[in-house]
Amino acid sequence: RAAKVCEAARHITVIADRESDIYEAFTRRPANVDLVVRAAKDRSLGKDQPSLFAMADALPVAANLAFTLPAKPGRKERDTQLAIRFSAVTLPHPKNGIYKKTPGGVRLYLLDVRSTPPPGETPIHWRLLTTYAVSDADQAAAVIALYRRRWTIEQLFRTLKTQGFDIEGLRIEDEGALSNLVTAAFVAAVIVQQLVHARDGAPPGSTLRPIEDAFEPSDRPLLEAFCAKLQGNTAKQKNPHPKGSLAYAAWVCARLGGWTGYYGKPGPIVMLDGWQQFQAAKRGVDLLLSAFDNV
(Lines give C-alpha, C1' and ligand atoms only; values in the text may rest on other atoms or scores of the structure.)
Protein backbone atom coordinates (compact mmCIF):
# COMPACT_ATOMS: atom_id res chain seq x y z
CA ARG A 1 0.00 0.00 0.00
CA ALA A 2 2.84 2.39 0.78
CA ALA A 3 4.43 1.68 -2.61
CA LYS A 4 1.11 2.41 -4.32
CA VAL A 5 0.72 5.73 -2.51
CA CYS A 6 4.30 6.77 -3.29
CA GLU A 7 4.53 5.54 -6.88
CA ALA A 8 4.22 9.09 -8.25
CA ALA A 9 7.33 10.22 -6.35
CA ARG A 10 10.40 10.80 -8.52
CA HIS A 11 12.62 8.96 -6.05
CA ILE A 12 12.47 7.82 -2.41
CA THR A 13 15.31 7.01 -0.03
CA VAL A 14 14.43 4.94 3.04
CA ILE A 15 16.88 5.59 5.90
CA ALA A 16 16.50 3.15 8.77
CA ASP A 17 18.20 1.62 11.77
CA ARG A 18 18.78 -2.02 12.66
CA GLU A 19 15.11 -2.96 12.94
CA SER A 20 14.82 -2.59 9.14
CA ASP A 21 17.61 -5.07 8.35
CA ILE A 22 15.11 -7.42 6.68
CA TYR A 23 15.91 -9.45 3.57
CA GLU A 24 12.48 -8.82 2.04
CA ALA A 25 12.89 -5.06 2.45
CA PHE A 26 15.77 -5.19 -0.02
CA THR A 27 14.20 -7.63 -2.46
CA ARG A 28 10.67 -6.21 -2.57
CA ARG A 29 11.45 -2.49 -2.80
CA PRO A 30 9.72 -0.58 -5.64
CA ALA A 31 11.82 0.56 -8.58
CA ASN A 32 11.90 4.18 -7.40
CA VAL A 33 13.10 3.34 -3.87
CA ASP A 34 16.63 2.98 -2.47
CA LEU A 35 17.53 1.90 1.06
CA VAL A 36 20.24 2.83 3.55
CA VAL A 37 19.95 0.46 6.53
CA ARG A 38 22.19 -0.17 9.51
CA ALA A 39 23.06 -3.86 9.59
CA ALA A 40 21.71 -5.81 12.56
CA LYS A 41 22.75 -9.36 11.72
CA ASP A 42 26.18 -10.89 11.18
CA ARG A 43 24.90 -12.87 8.22
CA SER A 44 26.49 -15.90 6.67
CA LEU A 45 27.66 -15.13 3.13
CA GLY A 46 27.85 -18.75 2.07
CA LYS A 47 29.96 -21.84 2.46
CA ASP A 48 33.69 -21.18 2.90
CA GLN A 49 32.96 -17.42 3.02
CA PRO A 50 33.57 -15.06 5.96
CA SER A 51 30.55 -13.68 7.73
CA LEU A 52 29.28 -10.19 6.84
CA PHE A 53 30.93 -8.51 9.83
CA ALA A 54 34.19 -10.44 9.40
CA MET A 55 34.25 -9.33 5.77
CA ALA A 56 33.80 -5.70 6.87
CA ASP A 57 36.64 -6.00 9.40
CA ALA A 58 38.99 -7.34 6.73
CA LEU A 59 38.34 -4.59 4.19
CA PRO A 60 41.12 -2.02 3.66
CA VAL A 61 40.48 1.58 4.65
CA ALA A 62 39.44 3.36 1.45
CA ALA A 63 39.23 6.89 2.82
CA ASN A 64 39.14 9.00 5.96
CA LEU A 65 36.30 11.46 6.39
CA ALA A 66 36.52 14.54 8.63
CA PHE A 67 33.58 14.52 11.01
CA THR A 68 32.36 16.88 13.74
CA LEU A 69 30.81 14.90 16.57
CA PRO A 70 28.08 17.08 18.12
CA ALA A 71 27.95 17.79 21.82
CA LYS A 72 25.59 15.92 24.12
CA PRO A 73 25.25 15.71 27.92
CA GLY A 74 28.61 14.59 29.26
CA ARG A 75 30.44 15.05 25.93
CA LYS A 76 31.84 18.15 24.30
CA GLU A 77 31.71 18.74 20.56
CA ARG A 78 34.90 17.51 18.91
CA ASP A 79 36.38 16.87 15.49
CA THR A 80 37.29 13.32 14.57
CA GLN A 81 38.13 11.16 11.57
CA LEU A 82 35.96 8.35 10.27
CA ALA A 83 37.72 5.43 8.59
CA ILE A 84 35.60 4.24 5.66
CA ARG A 85 35.61 0.76 4.17
CA PHE A 86 33.22 -0.45 1.49
CA SER A 87 32.56 -3.34 -0.86
CA ALA A 88 29.85 -4.92 -2.96
CA VAL A 89 28.25 -7.89 -1.23
CA THR A 90 25.67 -10.53 -2.10
CA LEU A 91 23.40 -11.61 0.74
CA PRO A 92 22.22 -15.21 0.29
CA HIS A 93 18.49 -15.79 0.60
CA PRO A 94 17.12 -17.15 3.90
CA LYS A 95 17.26 -20.91 4.24
CA ASN A 96 13.57 -21.32 4.91
CA GLY A 97 10.27 -19.62 4.22
CA ILE A 98 9.29 -18.31 0.79
CA TYR A 99 12.92 -18.21 -0.41
CA LYS A 100 13.74 -21.81 0.46
CA LYS A 101 13.71 -22.94 -3.18
CA THR A 102 14.78 -19.62 -4.70
CA PRO A 103 18.34 -19.48 -6.07
CA GLY A 104 20.68 -16.54 -5.78
CA GLY A 105 20.56 -13.65 -3.37
CA VAL A 106 20.38 -9.86 -3.30
CA ARG A 107 23.23 -7.62 -4.45
CA LEU A 108 23.96 -4.73 -2.07
CA TYR A 109 26.84 -2.54 -0.95
CA LEU A 110 28.38 -2.73 2.50
CA LEU A 111 29.93 0.31 4.22
CA ASP A 112 31.91 0.06 7.43
CA VAL A 113 32.37 3.40 9.21
CA ARG A 114 34.33 3.70 12.45
CA SER A 115 36.21 6.28 14.49
CA THR A 116 39.17 6.13 16.86
CA PRO A 117 37.97 8.05 19.94
CA PRO A 118 39.95 9.45 22.87
CA PRO A 119 40.48 7.08 25.82
CA GLY A 120 37.26 6.40 27.68
CA GLU A 121 35.00 7.42 24.78
CA THR A 122 32.76 4.99 22.91
CA PRO A 123 33.76 4.75 19.24
CA ILE A 124 31.39 5.39 16.35
CA HIS A 125 30.90 2.16 14.40
CA TRP A 126 28.26 1.88 11.70
CA ARG A 127 27.84 -1.06 9.34
CA LEU A 128 25.50 0.07 6.58
CA LEU A 129 23.79 -1.92 3.84
CA THR A 130 22.56 0.07 0.86
CA THR A 131 21.05 -0.43 -2.55
CA TYR A 132 22.97 2.63 -3.79
CA ALA A 133 26.10 1.79 -5.76
CA VAL A 134 29.27 2.58 -3.80
CA SER A 135 32.42 2.35 -5.88
CA ASP A 136 34.45 5.31 -4.62
CA ALA A 137 34.96 7.49 -1.56
CA ASP A 138 32.61 10.24 -2.76
CA GLN A 139 29.72 7.80 -3.18
CA ALA A 140 30.49 6.33 0.24
CA ALA A 141 30.48 9.81 1.81
CA ALA A 142 27.11 10.54 0.16
CA VAL A 143 25.54 7.41 1.67
CA ILE A 144 27.00 8.24 5.11
CA ALA A 145 25.52 11.74 4.84
CA LEU A 146 22.14 10.16 4.12
CA TYR A 147 22.39 7.87 7.13
CA ARG A 148 23.26 10.80 9.40
CA ARG A 149 19.84 12.27 8.56
CA ARG A 150 18.30 9.42 10.56
CA TRP A 151 18.66 11.57 13.67
CA THR A 152 16.38 14.18 12.09
CA ILE A 153 13.79 11.46 11.51
CA GLU A 154 14.11 10.34 15.15
CA GLN A 155 13.61 13.93 16.34
CA LEU A 156 10.53 14.32 14.14
CA PHE A 157 8.90 11.26 15.70
CA ARG A 158 10.02 12.36 19.16
CA THR A 159 8.00 15.53 18.58
CA LEU A 160 4.98 13.46 17.54
CA LYS A 161 5.17 11.00 20.42
CA THR A 162 5.00 11.16 24.23
CA GLN A 163 7.18 14.23 24.86
CA GLY A 164 5.40 16.22 22.16
CA PHE A 165 1.95 15.75 20.66
CA ASP A 166 1.52 12.30 22.27
CA ILE A 167 -0.26 10.77 19.29
CA GLU A 168 0.20 7.36 20.93
CA GLY A 169 -2.20 8.45 23.64
CA LEU A 170 -5.04 9.23 21.22
CA ARG A 171 -8.24 7.25 21.83
CA ILE A 172 -10.22 7.99 18.67
CA GLU A 173 -11.98 5.03 17.11
CA ASP A 174 -13.01 6.71 13.86
CA GLU A 175 -10.21 6.07 11.35
CA GLY A 176 -10.88 9.23 9.33
CA ALA A 177 -10.85 11.55 12.34
CA LEU A 178 -7.73 9.84 13.72
CA SER A 179 -5.90 10.16 10.38
CA ASN A 180 -6.82 13.84 10.11
CA LEU A 181 -5.57 14.61 13.62
CA VAL A 182 -2.32 12.67 13.18
CA THR A 183 -1.70 14.40 9.83
CA ALA A 184 -2.26 17.82 11.42
CA ALA A 185 0.17 16.90 14.21
CA PHE A 186 2.68 15.71 11.61
CA VAL A 187 2.49 19.05 9.76
CA ALA A 188 3.08 20.88 13.05
CA ALA A 189 6.00 18.55 13.90
CA VAL A 190 7.60 19.33 10.54
CA ILE A 191 7.31 23.07 11.30
CA VAL A 192 9.02 22.47 14.65
CA GLN A 193 11.86 20.68 12.85
CA GLN A 194 12.15 23.61 10.44
CA LEU A 195 12.60 25.89 13.43
CA VAL A 196 15.24 23.61 14.97
CA HIS A 197 17.17 23.53 11.70
CA ALA A 198 16.92 27.32 11.32
CA ARG A 199 18.07 28.15 14.86
CA ASP A 200 21.73 28.74 13.90
CA GLY A 201 21.02 30.76 10.76
CA ALA A 202 22.22 29.79 7.31
CA PRO A 203 25.24 27.51 6.73
CA PRO A 204 28.21 29.14 4.96
CA GLY A 205 27.40 29.77 1.31
CA SER A 206 23.64 29.51 1.87
CA THR A 207 20.91 32.09 2.27
CA LEU A 208 18.58 32.49 5.21
CA ARG A 209 15.18 30.88 4.78
CA PRO A 210 12.26 33.33 4.88
CA ILE A 211 9.89 33.43 7.80
CA GLU A 212 7.02 32.49 5.47
CA ASP A 213 8.41 28.95 5.24
CA ALA A 214 6.71 28.22 8.59
CA PHE A 215 4.57 31.26 9.41
CA GLU A 216 1.96 33.49 7.81
CA PRO A 217 3.15 36.94 6.65
CA SER A 218 0.67 38.43 9.13
CA ASP A 219 2.57 36.72 12.00
CA ARG A 220 5.53 39.09 11.68
CA PRO A 221 4.24 41.91 13.94
CA LEU A 222 3.48 39.52 16.80
CA LEU A 223 6.86 37.77 16.44
CA GLU A 224 8.62 41.13 16.51
CA ALA A 225 6.61 42.23 19.54
CA PHE A 226 7.60 39.05 21.39
CA CYS A 227 11.22 39.55 20.35
CA ALA A 228 11.28 43.07 21.77
CA LYS A 229 9.87 41.77 25.06
CA LEU A 230 12.16 38.74 25.31
CA GLN A 231 15.47 40.37 24.45
CA GLY A 232 17.80 41.16 27.33
CA ASN A 233 20.75 43.47 27.81
CA THR A 234 23.59 41.04 27.05
CA ALA A 235 24.69 39.95 23.58
CA LYS A 236 23.59 36.36 24.26
CA GLN A 237 20.09 37.61 25.08
CA LYS A 238 19.74 39.48 21.78
CA ASN A 239 18.21 37.96 18.66
CA PRO A 240 21.21 37.76 16.28
CA HIS A 241 19.15 37.06 13.17
CA PRO A 242 17.60 39.58 10.75
CA LYS A 243 13.89 40.30 10.85
CA GLY A 244 11.94 38.37 8.24
CA SER A 245 14.13 35.28 8.49
CA LEU A 246 13.03 31.90 9.81
CA ALA A 247 16.05 31.98 12.12
CA TYR A 248 14.63 35.14 13.72
CA ALA A 249 11.32 33.35 14.39
CA ALA A 250 13.16 30.26 15.69
CA TRP A 251 14.97 32.42 18.27
CA VAL A 252 11.63 33.86 19.43
CA CYS A 253 10.02 30.41 19.76
CA ALA A 254 13.05 29.04 21.61
CA ARG A 255 12.90 31.87 24.13
CA LEU A 256 9.14 31.40 24.56
CA GLY A 257 9.85 27.72 25.20
CA GLY A 258 12.20 28.51 28.08
CA TRP A 259 15.63 28.68 26.42
CA THR A 260 17.76 31.34 28.08
CA GLY A 261 20.30 31.86 25.32
CA TYR A 262 23.18 30.86 27.58
CA TYR A 263 23.20 27.07 27.73
CA GLY A 264 23.13 24.55 24.91
CA LYS A 265 20.90 24.77 21.88
CA PRO A 266 17.10 24.57 21.86
CA GLY A 267 15.86 21.17 20.76
CA PRO A 268 12.51 20.13 19.32
CA ILE A 269 10.61 19.92 22.63
CA VAL A 270 11.68 23.42 23.71
CA MET A 271 10.86 24.71 20.23
CA LEU A 272 7.48 22.96 20.30
CA ASP A 273 6.58 24.56 23.65
CA GLY A 274 7.51 27.98 22.30
CA TRP A 275 5.65 27.48 19.02
CA GLN A 276 2.51 26.41 20.92
CA GLN A 277 2.76 29.49 23.13
CA PHE A 278 3.03 31.67 20.04
CA GLN A 279 0.00 30.00 18.45
CA ALA A 280 -2.02 30.50 21.65
CA ALA A 281 -1.06 34.20 21.75
CA LYS A 282 -1.97 34.52 18.07
CA ARG A 283 -5.42 33.10 18.75
CA GLY A 284 -5.82 35.51 21.64
CA VAL A 285 -4.92 38.48 19.45
CA ASP A 286 -7.35 37.31 16.76
CA LEU A 287 -10.15 36.99 19.33
CA LEU A 288 -9.40 40.44 20.71
CA LEU A 289 -9.40 42.04 17.27
CA SER A 290 -12.65 40.26 16.43
CA ALA A 291 -14.23 41.58 19.63
CA PHE A 292 -13.22 45.15 18.71
CA ASP A 293 -14.65 44.72 15.22
CA ASN A 294 -17.99 43.71 16.71
CA VAL A 295 -18.19 46.68 19.08
Using the Kyte-Doolittle scale, find the helices of the chain whose mean hydropathy is at least 1.0 and whose Cα atoms extend 20 Å or more along the helix's long axis, counting only whole DSSP H runs. 175-198
Could you work out how far the C-alpha centroid of the range 190-256 sits from that of the range 261-280, in angstrom? 11
In Å², nearest 10: area of Ile12 left accessible to a 1.4 Å probe: 40
Asserting the computed 222 nm helical MRE of the chain (DSSP H runs at least 4 long, -39500 (n - 2.57) per run, divided by residue count, to nearest 500) equals -12000 deg cm²/dmol
Residue order for Thr152, Thr116 - accessible surface, 1.4 angstrom probe, largest first: Thr116, Thr152
Can you tell me what share of the DSSP beta bridges in the chain is antiparallel? A percent to the nearest 5 is fine. 85
Restraint check, Lys229/Lys282; Lys47/Lys95; Lys236/Lys282; Lys76/Lys265, Cα-Cα greater than 22 Å: Lys236/Lys282
Within the accessible area of the chain, what % is carbon and sulfur when the probe is 1.4 Å and the other protein chains stay in place? 54
Keeping all protein chains in place, calculate the accessible area per residue for the range 161-293 (probe 1.4 angstrom), answer in Å². 59
Estimated translational D of the range 1-133 in µm²/s (Stokes, Kirkwood radius over Cα pairs; 4 °C; 1.567 mPa s): 77
Taking the full set of protein chains and a 1.4 angstrom probe, give the accessible area of His93 in square angstrom, rounded to the nearest 10. 40
With the Cα gyration tensor of the range 193-272 giving a ≥ b ≥ c as the square roots of its eigenvalues, does the rule (a/c under 1.5 for rounded; else a/b larger than b/c for prolate; else oblate) give rounded, prolate or oblate? rounded
For the range 143-189, the percent of all C-alpha pairs falling in each 5 Å bin, from 0 up to the bin holding the max distance, is 5, 21, 24, 19, 13, 9, 6, 3, 0
Compute the distance in nm between two label points, each set 7 Å from the Cα along the Cα-to-Cβ direction, one at Lys41 and one at Lys4. 2.8
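The values are calculated or read from the model by the stated rules, or taken from the named source; none is laboratory data. Worth saying up front: this structure is predicted, and the values here are computed from it rather than measured. In this analysis, Cβ positions are derived from the backbone assuming ideal geometry, glycine residues included, and neighbour counts consider all displayed protein chains. When the accessible area is computed, the model is the full protein with side chains, heavy atoms only, and any ligands, DNA or RNA have been set aside. Shrake-Rupley method; radii C 1.70, N 1.55, O 1.52, S 1.80 Å.
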